[in-house]
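Asks: So that we are looking at the same thing, I have put the structure below in structure tokens.
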Amino acid sequence: MAGSVGKNSKFPLDGLDINLLRLFCIIVECNGFSAAQARTNISAASISNKMSALESRLGLKLCRRGRAGFRLTAEGQSVYEAAVAMFQGHNAFVRDVGELRKKLTGRLDIGVVDTTVTNPKMPLSSAVARFHDKYSDVYLAMQIMEPAQLERGLLEGSLHVAIAPFYHRVPGLHYEPFVDEVHLLHCGRGHPLFEQAPDNVDIEAMARSKYVIRGHVPANIELASERVVDSASVIDMEAMMHLILSGRFVGFLPMHFARFWTAADQIRPLLPSRIRHVSHFEVAVKRDRMNERLTKAFLGELLRNAPGSDPR
């Protein structure tokens, strides 16, 4: 038949080891060979050999590595995007075939912000337990990310469900109210305000304190009304705690996360009856994935008996 591929002909990429592409994606997501080595437990030499084999098979230079650091070539970026689309398509195939069999299978990717595990109102673990008991053939993957990264993951299709306090409304995503989390302003032992805390704090002295904020949180949410300039920034709560424990900075912490250190009298809240803010957690999904059986089934477990917005 004209235009058809003969029985003995072969595409240049036939038989390409899919695991090489998976490894390449991991390298890109880890932003380099060293971090990928730790994640995959594969030696640096082996990773280098495998990437050389992949580049040779594709006939393309995928990345540059050396003293200047790791970076993708334009071709490497295109190959990465195509590989991600292929793996997402594979997951969709597994899911769709599972639906034909009336059995949920495939992979469910969940994203959540940091420092939720100490929140007694966070029902994520119990939802995972119920979901797994019902659908044990579903492969679960969970990642910790910033809110903006979570939203991007939903839009790009690498995440099914995301949980965070979201500060914007991204078109194409659907948000459901979930739980609330109270944050109090804290200082550590050694800070000039420590002995005055919690209730005898001088407002002017507090205004002169050095504040730590989280880089992804709008300043008007976390900075006390008496202070409009931050002096340090972090991404996650563990880093925030390190700076507060230094006794040189003040910053907002969730009450549930701070409880261990407040009980040990290593940190103290500052004017807790006056200075606080509430993080409103939401569950976000991509609108065109809301009715997928896999996503819908997990949302059913996650939102069932959710504590709601009670900030006490």
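The values are calculated or read from the model by the stated rules, or taken from the named source; none is laboratory data. From a predicted model like this one, the values you see are computed outputs, not experimental measurements. Using ideal geometry, Cβ is built from the backbone for each residue, glycine included, and neighbour counts are taken over all protein chains shown. In case anyone asks, the SASA skips ligands and DNA or RNA and just uses the protein heavy atoms, side chains included. Shrake-Rupley method; radii C 1.70, N 1.55, O 1.52, S 1.80 Å.
Asks: With n ≥ 4 as the cut-off for DSSP H runs, can you work out [θ] at 222 nm for the chain, using -39500 (n - 2.57) per run divided by the number of residues, rounded to the nearest 500?
Replies: Details: 11 runs with 122 residues, N = 312.
About -12000 deg cm²/dmol.
Asks: What is the mean projected area of the alpha carbon convex hull for the chain, to one decimal in square nanometres? Numbers along the way, then the final one.
Replies: Values: hull surface 87.8 nm².
Orientation-averaged projected area of the Cα hull: 22.0 nm².
Asks: For region 229-271, what is Rg from Cα atoms divided by 2.2 N^0.38 Å, rounded to two decimals?
Replies: Working: Rg = 10.0 Å, N = 43, 2.2 N^0.38 = 9.2 Å.
Normalised Rg, Cα atoms only: 1.09.
Asks: What net charge is computed for the residues neighbouring ARG169, neighbours being all others with C-beta under 11 Å from the C-beta of ARG169, Lys and Arg scored +1, Asp and Glu -1? Display every interim value, and only then the final one.
Replies: Working: positive: none; negative: GLU151, GLU282.
Overall, the nearby charge balance is -2.
Asks: Based on the Cβ-Cβ distance from ALA35 to ARG169, what FRET efficiency comes out when R0 is 35 Å, to the nearest 0.05?
Replies: Numbers: r = 33 Å, r/R0 = 0.94.
Once the sixth-power term is evaluated, E becomes 0.60.
Asks: In a shell of Cβ-Cβ distance under 11 Å around PRO254, excluding PRO254 itself, what net charge do Lys and Arg (+1) and Asp and Glu (-1) give? If you can, show how the numbers build up before the last one.
Replies: Details: positive: LYS121, ARG259, ARG276; negative: ASP114, ASP180, GLU181.
Spelling it out: positives minus negatives among the neighbours equals 0.
Asks: Helix 147-156 sits at what angle to the longest principal axis of the chain, using alpha carbons and giving 0 to 90 degrees rounded to 10?
Replies: Relative to the chain, helix 147-156 is tipped by roughly 20 degrees.
Asks: Now, a different point. Taking the mean number of other Cβ atoms within 10 Å as a proxy for protection, how do you rank 242-253, 147-158, 45-56, 282-293 from highest to lowest? Provide the component values of the computation, followed by the final result.
Replies: Numbers: 242-253: 21.2, 147-158: 18.7, 45-56: 14.3, 282-293: 16.8.
Highest-to-lowest ranking by the protection proxy: 242-253, 147-158, 282-293, 45-56.
Asks: Per residue, how large is the accessible surface of region 125-172? Use a 1.4 angstrom probe and give square angstrom.
Replies: On the way: 2490 Å² over 48 residues.
So region 125-172 comes to 52 Å² accessible per residue, rounded to a whole number.
Asks: Here is a further query. Cα axis of helix 124-134 to longest principal axis of the chain: angle in degrees, 0 to 90, nearest 10?
Replies: Long axis of 124-134 versus the principal axis of the chain: about 40 degrees.
Asks: Could you tell me what percent of the accessible area of the chain is made up of carbon and sulfur, with a 1.4 Å probe and every protein chain present?
Replies: About 53 percent, which is the carbon plus sulfur part of the accessible surface.
Asks: Between VAL278 and PHE87, what length in nm is gained on full extension when 0.36 nm per residue of separation is reduced by their alpha carbon distance? Walk me through the intermediate numbers first.
Replies: Values: separation 191, 0.36 × 191 = 68.76 nm, distance 3.84 nm.
Contour length minus the Cα-Cα distance gives 64.9 nm.
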